[in-house]
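Heads up: the structure comes next, in structure tokens.
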Amino acid sequence: MGIGGENVASIKGNFKRTIYRTEKGYIVGLFKVKEIEGEELEFYLNHTIPFTGYFHELNEEDTYIFYGKLVEHEKYGEQFQVERYERVLPEEKDSIVEFLSSGLFKGIGDKTAQNIVDCLGKDTLTIILENPSNLLLVPSITKKQITTLHSTLIEYEASYKTVLELNELGFSTKDSLIIYNKYKVQTIQVIEENIYRLMEDIEEITFKKVDIIFLKQSVSKRDDPRRIMASILYTMEEVCNLYGHSYLEKEEIFSYSVRALGNPIGQNDFEEALETLLKEIKVVKQEEKYYLKKLYEAESHIASRCGYLMRKKDDYDKKLDKHLEEVGKTFQCVYNQQQLEAIRNSFIKNLLIVTGGPGTGKTTIIQAICELYKEMHHLSHEGLVKEIALLAPTGRASKRISESTLLPALTIHRFLKWNKENNKFAINEFCKSDAKIVIIDEFSMVDTLLFDNLLKGLRYDTKIILVGDYNQLPSVGTGQLLKDMIESEKINVVSLHELYRQKENSNIISLAYQINEDCLDQTIFNQQEDLTFIPVPSNNLKQEVLEVSSLYKKKDHSFQVLAPMYKTMNGIDLLNVSLQEVFNPKSRSKKEILINGILFREKDKVIQLTNMPDENVFNGDIGYIESIDNGTKKIITIDFDGNLVRYTSANFNKFKHAYAISIHKSQGSEFDVVVLPIVKGYGKMLYRKLIYTAVTRCKKKLYLIGEIEALEIAIANNESDVRKTSLKNMIIENIGV
């Protein structure tokens, strides 16, 4: 259980209390320090320090040594981050008496504990562990007390020995503790029976981790059936996540599994392993399609709920049209026929999809639905908030709904009360939401598993309204829900075609529609102020992007460069290096910091890469570096529209430069001015949905810079994101003719 590195410090003392704990054994708590090793810890000698780490169990009676380092948490300040720990067995007689009578050993009081130590001496604990019959020497002790003492001590020692054994196998201390907290005394038995079970039961334990350890122990068993089965589950998960598929075919699974194993396997061995997984219902087969159980069940559940809602009787209120007329007057809005149909059907139907491109009034419809519901049910603002849930897949998209409706909107994860520690939702099939209507904007971005979990958390009579653009990029995760549901032709759909933003930026929206229809008319470019194409060869692209960008360096809050990929000479990473010098050049007044070879300076534009709900900052949020503290504890403060968030070195990897960002990251956002570089060097990233999504992020002025041939290639390529899903057919089968 040794730990390398010069920066490891240690504290010795007593656990005081738990502040927070997960079921995997991650603990935030308080520790009373009695001894230290490490100068930076002197302040805490004989004081209490907050600590974090993975533990089997802690109690207030024992003395522990924690090994780790002092870190600065961005919100909670200094903490001792524990990398491994030891329990110190009592050595002095008085300490042993206190330990035995502490309550850990049922039925052993002060008097009995004193008698035991008087009889067996300072080596009492070792003597009991070696031979419990030695306790017969203690006057008045019972057989039950002897059994309790011995069994509790053995169990007490077992956890540490097991963790040590897992360390020796090759698992880190953190992983070892997560594994032990899952299986307890059965840990070694589980590993001996099938070490690959760990990757199925514990999210943090991957196939690659387990496989390395297995091959170290059993290098001659590369064709072990357990290993082949694990490779099948691993590759199915990886490939489905990577390409968005819900199922794979047998030949694909075989090919990917061979790659994962790193050695050839016999077709018969593969077939037998796959058949075993089918019998164990870890994989499901329908016709010649093979699904991971969770994906099959998710699609089946979604199809079933769609069927139920479509068969459920319509809910028509005679006062609907009258109230709708009043809402139009409130917003001083004359709705077109498609919008009226969408608003009315939101109240009549139990499941509705509203789809349309940019400028067709999707947001206007959401506003009207909320106001109409409020009027029809005579609700206060607070009452409306309780009954209507406005949701979106990202923080940016939810903020946009909230701004347009003046109602609170949430990400789906926050609505379901997601616990990132155990990856579970508090709102679920056993604890459902009371919402009566749920509206989900940007639905094209929602993946199969997330929607399945949302449906589990909603009552069966909850009305569901899905709003999105059919032609935008599908979800990052598995599935293509909006596409499958619309193409089933079994779900109520209102398609919006009339353009409301046509006059405002006619050519941008016209280009978006030309892209979808694969009919690019190049005369659309450079005719009006809103749409410009600048032809340049690939090797001059970056310079042209910099020249155009420099026109907006004093108003870059609504300006954004969007690019298809990170690498290559014209990729996002190198564009950001150059754009930094345009928008935020070096200055004596601005502090700088080097992070993993990338230079950040005060006033830099950055993008958040992960959700940090406690700080109210989410994946894709864009902010500016407010300050950099290069002291002993390096701190970067980022301003996200007035929300100041502090980052320490522990989470510097949660943001990156945002002068140029990926098109995927831009989903759910809108910018006044967009620069879109497009050259043939972007290769496989040139496809229709990606370019369409980029164009529709722009509200007022769009620059396309690069090669017209690259744009033509992208528009013609509608096959780059073909996904294998079954939801469409499942809905058809469920609802019938």
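The values are calculated or read from the model by the stated rules, or taken from the named source; none is laboratory data. Everything quoted here is computed from the prediction, not taken from an experiment. Please note: Cβ atoms are built from the backbone with ideal geometry, for glycine as well, and neighbour counts cover all protein chains shown. The protein model used for the area step is the full one, side chains on, heavy atoms only, and it has no ligands, DNA or RNA in it. Shrake-Rupley method; radii C 1.70, N 1.55, O 1.52, S 1.80 Å.
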Does SER627 satisfy the condition of being at pLDDT below 90 and either open to solvent by less than 50 Å² (accessible area, probe 1.4 Å) or over 28 Å from the mean Cα position of the chain (by Cα) (or both)?
no
Specify the residue that is nearest to LYS174 (Cα to Cα); the eligible residues are those in region 205-234 that are open to solvent by 20 Å² or more (accessible area, probe 1.4 Å), outside any helix (DSSP H, G or I) and not charged (D, E, K, R).
THR206
GLY668 passes all but one of the listed conditions (1) on the phi < 0 side of the Ramachandran plot; (2) assigned to a loop (DSSP other than H, G, I, E, B); (3) surrounded by 18 or more Cβ atoms within 10 Å (Cβ to Cβ); the exception is number (1)
Tell me which residues, restricted to region 44-92, are open to solvent by 70 Å² or more (accessible area, probe 1.4 Å), in contact with an Asp or Glu (Cβ under 9 Å, 6 or more places away or on another chain) and either modelled with pLDDT of 80 or more or closer than 16 Å to PHE15 by Cβ (or both).
GLU61, LYS69
Filtered residues of region 634-648 (kept if surrounded by 14 or more Cβ atoms within 10 Å (Cβ to Cβ) and in contact (Cβ under 8 Å) with a residue 24 or more places away in the chain)
LYS634, ILE635, ILE636, ILE638, PHE640, VAL645, ARG646, TYR647, THR648
Quick one: would you say GLY38 is on the phi > 0 side of the Ramachandran plot and touching a residue at least 40 places away in the same chain (Cβ under 8 Å)?
no
Hey, can you tell me all the residues within region 145-177 that are part of a helix (DSSP H, G or I), under 16 Å from LYS209 (Cβ atoms) and small (Gly, Ala, Ser)?
SER176
Long-range neighbours under 6 Å by Cβ, at least six apart or interchain, first residue surrounded by 14 or more Cβ atoms within 10 Å (Cβ to Cβ) within region 424-436, second outside any loop (DSSP other than H, G, I, E, B)
PHE425/TRP418; PHE425/ASN453; ILE427/SER433; ASN428/LYS456; SER433/LEU458; ALA435/ALA389; LYS436/GLU387
With respect to ASN576, is the statement that it is of a type in the set (S, T, N, Q) and under 33 Å from the mean Cα position of the chain (by Cα) true?
yes
I'm trying to understand the selection: among the residues of region 523-542, which are surrounded by 11 or more Cβ atoms within 10 Å (Cβ to Cβ) and either of a type in the set (D, E, K, R) or in a helix (DSSP H, G or I) (or both)?
ILE524, ASP530, SER538, ASN539, ASN540, LEU541, LYS542
For PHE671, which of the numbered conditions (1) closer than 27 Å to THR610 by Cβ; (2) modelled with pLDDT of 95 or more fails to hold?
(2)
Taking SER587 as the residue in question, decide whether it is touching an Asp or Glu at 6+ places or on another chain (Cβ under 7 Å) and of a type in the set (Ser, Thr, Tyr).
no
Single residue of region 21-43 satisfying the filter (under 27 Å from the mean Cα position of the chain (by Cα) and assigned to a strand (DSSP E or B)) that is surrounded by the fewest Cβ atoms within 10 Å (Cβ to Cβ):
ARG21
Residue count, region 106-130, condition assigned to a helix (DSSP H, G or I) and either open to solvent by less than 20 Å² (accessible area, probe 1.4 Å) or touching a strand residue (DSSP E or B) at 6+ places or on another chain (Cβ under 8 Å) (or both), comes to 7
Could you list, in sequence order, the residues of region 147-174 that are out of contact with any Ser or Thr (no Cβ under 8 Å at 6 or more places or on another chain) and open to solvent by less than 20 Å² (accessible area, probe 1.4 Å)?
LEU149, LEU153, TYR156, SER159, PHE171
Any hit, region 680-695, residues being surrounded by 23 or more Cβ atoms within 10 Å (Cβ to Cβ), of a type in the set (Val, Ile, Thr) and not in a helix (DSSP H, G or I):
no
Any chance region 576-596 includes a residue that's of a type in the set (Phe, Trp, Tyr), over 27 Å from ILE705 (Cβ atoms) and in contact (Cβ under 8 Å) with a residue 60 or more places away in the chain?
no
Looking at SER133, SER95, can you tell me which residue is out of contact with any strand residue (DSSP E or B) (no Cβ under 9 Å at 6 or more places or on another chain) and either in a strand (DSSP E or B) or open to solvent by 40 Å² or more (accessible area, probe 1.4 Å) (or both)?
SER133
Collect the residues in region 261-280 that are modelled with pLDDT of 95 or more, surrounded by fewer than 18 Cβ atoms within 10 Å (Cβ to Cβ) and not polar (S, T, N, Q), keeping them in residue-number order.
ASP269, GLU271, GLU272, GLU275, LEU278, LYS279, GLU280
If I ask for residues that are surrounded by fewer than 16 Cβ atoms within 10 Å (Cβ to Cβ) and modelled with pLDDT of 95 or more, which ones from region 547-560 would you list?
GLU547
Condition test on SER475, is it part of a helix (DSSP H, G or I), of a type in the set (S, T, N, Q) and open to solvent by less than 40 Å² (accessible area, probe 1.4 Å)?
no
Here's a check for you: in region 58-92, which residue that is under 27 Å from the mean Cα position of the chain (by Cα) and assigned to a loop (DSSP other than H, G, I, E, B) is nearest to PHE31 (Cα to Cα)?
TYR76
Report, ordered by the first and then the second residue, all pairs with beta carbons closer than 9 Å, sequence separation of six or more or different chains, a first member in region 697-710 that is assigned to a loop (DSSP other than H, G, I, E, B), and a second member that is open to solvent by less than 10 Å² (accessible area, probe 1.4 Å) and among the β-branched types (Val, Ile, Thr).
ARG697/ILE663; ARG697/VAL674; GLU707/ILE678; GLU707/VAL679
Would region 608-628 turn up any residue that is part of a strand (DSSP E or B), closer than 24 Å to ARG588 by Cα and among the aliphatic types (A, V, I, L, M)?
yes
